[in-house]
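Data block below; observations after.
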Amino acid sequence: MLDAQSYFDRISGDLSGDVKARAVALAAAEAAGLPTRRQEAWHYTDVARLLSKATHDTLHNIDFAPLNPLMAVFDNGRLLAAPQASGVAVSPFHHDGATADNAVLNYNAALAQDGLTAEISGDLAQPLIVTTQGDAPVHLHHKITLAPQAKAVLVDNHMSRDYTNARFDIALGAGAELTLIRVQQAGHQIGTSEIMLAEGAQIKTVALVTGGALARHEANVAFTARGAHAELHSAVLGRGENHADFTYLIDHQAADTSSNTSAYNVLDAAARGVFQGKIIVRKDAQHVDAQMQTRAMMLSEGAEMDAKPELEIYADDVACAHGSAIGELDKDALFFLRSRGLGEASARYLLVAGFIEQVLAHIDNDAMADALRALVAQKIAAQFSVQGDA
């Protein structure tokens, strides 16, 4: 586990911004300590225990080449390559010295070495891929802004084998549209996204976790004006003692806004999945449509799924609902496929792949979706001992 104070002392001479303000943030984080299960939002995720576990996941390259993407590569916490294209203005990383009232964000405020600060205008034809790689603990703070009516696809490609504390501040102007795709294959990642949606803005997030001792993805989405819409979809392929936690706070502050959230988990061995989704509809935020569902496919008796969807509604003219379903692999479906001549391995492959496809189908770009389908196929074959030979 990272000794934050020693780490800060070692790197403080290379940190940008007000080092004294960073020291204050670190002191606040150390006083609070890492989140514990006594905190409701972390009840199912024992951070200290999980950070002590080694991760031995295999990294598979994702073939993004057909997309001709823009690339931002962070190696052991430093930006090696920055995207260069019209419609994307990239600024040097600037630490603003701000602190927050939780330890994770305070650690980030104290220790963030670098991050992508990008302002996107117009319709960005190429996806922007942010790759995090290396074998050292890192803290990154990304700030992504879309101008009014701008459109973009952003990929958070996490391939680091160590601990990462990553913060994304995302602001969408009026009528802007962002697709955010997240992929984690290894390491220990605690990610926090603060998302602000202006009038008519739309965001779609699709997350795929296929490895890592700890994957904790938290998103706080604020609908600040009419017509804003958010979709948050996640898929987990868990094996061994992988732990994947998706925690969302979806805050409908304005009327005529909508959200759709889904989570699909396939869990084997002693893997654990967590989904916590809270929808808040503020007073006078009428005509809100907010839907949330979570599904889990359990492949072993030792796997665990914890689901806690919540609704907190203060308006009276809304359409909000949530649901949860947890069960084993469908034996009737498996029998049906076997009766059609498929081997058990191929039948299991199709059922697992089809389950995850319900999330990948939300990706509008066919080439992007195919790249992630190829990754899923590799992971299913490697992690669940099934082959896509049907």
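The values are calculated or read from the model by the stated rules, or taken from the named source; none is laboratory data. Here the structure is a predicted model, which is why all the values come from computation and not from measurement. Note that we place each Cβ from the backbone using ideal geometry, even for glycine, and neighbour counts take in every protein chain shown.
Listing for the model above:
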| quantity | calculated |
| --- | --- |
| Residue within region 255-262 that is more than 25 Å from Ala166 (Cβ to Cβ), surrounded by fewer than 17 Cβ atoms within 10 Å (Cβ to Cβ) and of a type in the set (S, T, N, Q) present | no |
| Test for Ser193: is it within 27 Å of Leu360 (Cα to Cα), surrounded by 18 or more Cβ atoms within 10 Å (Cβ to Cβ) and touching a Phe, Trp or Tyr at 6+ places or on another chain (Cβ under 7 Å) | yes |
| Strands (runs of 3 or more DSSP E) (entirely within region 211-304) containing at least 3 residues that are over 17 Å from the mean Cα position of the chain (by Cα) and among the hydrophobic types (A, V, I, L, M, F, W, C) | 272-281, 289-298 |
| Breaking point among (1) surrounded by fewer than 20 Cβ atoms within 10 Å (Cβ to Cβ); (2) assigned to a helix (DSSP H, G or I), for His362 | (2) |
| Among residues of region 345-359, those that are under 20 Å from the mean Cα position of the chain (by Cα), surrounded by fewer than 21 Cβ atoms within 10 Å (Cβ to Cβ) and touching a residue at least 40 places away in the same chain (Cβ under 8 Å), counted | 2 |
| Number of the exception - Arg282 against (1) over 20 Å from Lys379 (Cβ atoms); (2) of a type in the set (D, E, K, R); (3) surrounded by fewer than 16 Cβ atoms within 10 Å (Cβ to Cβ) | (3) |
| Of residues in region 266-291 being without any contact (Cβ under 8 Å) to a residue 40 or more places away in the chain, in contact with a Cys (Cβ under 9 Å, 6 or more places away or on another chain) and not charged (D, E, K, R), the one nearest to Ile326 (Cα to Cα) | Gln291 |
| Some residue of region 159-181 being under 16 Å from Gln276 (Cα atoms), in contact with a Lys or Arg (Cβ under 9 Å, 6 or more places away or on another chain) and surrounded by fewer than 23 Cβ atoms within 10 Å (Cβ to Cβ) | no |
| Thr99 surrounded by fewer than 16 Cβ atoms within 10 Å (Cβ to Cβ), in a loop (DSSP other than H, G, I, E, B), touching a residue at least 60 places away in the same chain (Cβ under 8 Å) and among the hydroxyl-bearing types (Ser, Thr, Tyr) | no |
| Of all residues making up region 312-344, the number that are surrounded by fewer than 16 Cβ atoms within 10 Å (Cβ to Cβ) and outside any loop (DSSP other than H, G, I, E, B) | 15 |
| Scope region 316-361; condition acidic (Asp, Glu), over 30 Å from Ser259 (Cα atoms) and at pLDDT 90 or above; matching residues | Asp332 |
| Matching residues, region 106-160, being acidic (Asp, Glu), closer than 21 Å to Asp57 by Cβ and outside any loop (DSSP other than H, G, I, E, B) | Asp156 |
| Within region 2-82, helices (runs of 4 or more DSSP H) holding 1 or more residues that are surrounded by fewer than 14 Cβ atoms within 10 Å (Cβ to Cβ) and among the polar types (S, T, N, Q) | 4-11 |
| Members of region 4-49 found to be of a type in the set (S, T, N, Q) and farther than 23 Å from Ala213 by Cα, listed by number | Gln5, Ser6, Ser12, Ser16 |
